[in-house]
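In what follows, a structure is listed as structure tokens, so that the remarks can point back to it.
Bear in mind that the values in this text are calculations on the coordinates, not laboratory data. Being a predicted model, the structure only gives us computed values, none of them experimental. Cβ placement follows ideal geometry from the backbone for every residue including glycine, while neighbour counts extend to all protein chains displayed.
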Amino acid sequence: MALVPGCITLTVEFGKGLKDKDFFGKQDPYCIITVGNQTFKTRVAIDGGKNPVWNETFRFNVNNENDAHVVVMDEDDISRDDVIGECRISLAKARELGMDDVQVPVLSKHSRKQHGFIQFKIKFEPSDALKYGTITGAPQAMQGPMPGPGMVPMGYGAPMHYGQPMPYGQPPMPYGQPPMPYGQPPMPYGQPMPYGQPPMPYGQPPMP
């Protein structure tokens, strides 16, 4: 059966009791995480030794992928990086319940013996949640029934009928009528201002 597509948020928290690949000093572990064809790498935990701490989060788009493969490496400055071990994480519980906290045993690549574990935190968000805003902090979808024909959605006025203009200010004056009054009436056309009179103050009635 096809799985619900969505996004997996995977946090690599810490490791405990990992196999030590360095003879001198402490090893410097890091993880390579693969889900489907997507691969990410954590930072290197310098001198993390057997108990490294990462606390890094990665996001994977998933369709039918239901597990993640993790390879734990030891960074070496001089020689090739060593494989500490590997593990496989099931995403089934997170995809079913939305989240999962899990300790996954780290197995030796060849002998398949367990050498410690890594703590992971997993969250799953379906694609519908990402699209329609049901994740935290996103706008929520409108609740209640969708309006049917002739019904008006909540928060909106009745729709205007086709061909009926929206009211805007005053209705237009009939053709041939004088313009609407605005403040003081205008001076009659053709009557000049008396010569030598000061300009009329704004808002005062016109001079006789």
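Using 7 Å Cα-to-Cβ label points, what is the residue 111/residue 82 separation (nm, one decimal)?
1.3
When ranked by the protection proxy of mean other Cβ atoms within 10 Å per residue, highest first, what sequence do the peptides 6-15, 48-57, 103-112 form?
Highest to lowest by the protection proxy: 6-15, 48-57, 103-112.
State to the nearest 20 debye the size of the charge dipole of region 6-132 about its Cα centre, where the only charges are +1 on K and R beta carbons and -1 on D and E beta carbons.
320
Find how much the distance from residue 26 to residue 3 grows on full extension, using 0.36 nm per residue of separation minus their present alpha carbon separation; answer in nm with one decimal.
4.1 nm
Counting only pairs 8 or more places apart or on different chains, how many lysine pairs in region 6-132 have C-alpha atoms closer than 21 Å?
Lysine pairs meeting both conditions in region 6-132 amount to 27.
Take residue 51 and residue 66, extend 7 Å from each Cα along the Cα→Cβ direction, and tell me the distance between the two endpoints in nm.
Modelled inter-label distance: 3.7 nm.
Using θ = phi - 60° and the Karplus curve 6.51 cos²θ - 1.76 cosθ + 1.60, what whole-Hz ³J(HN,Hα) does each residue of region 103-109 get, with Gly and Pro shown as x?
So the Karplus estimates, Gly and Pro as x, are 9, 10, x, 9, 10, 5, 4 Hz.
Please work out how much length the chain gains when fully extended from residue 13 to residue 40, using 0.36 nm per residue of separation minus the C-alpha to C-alpha distance, in nm with one decimal.
Extending this stretch completely gives an extra 8.3 nm.
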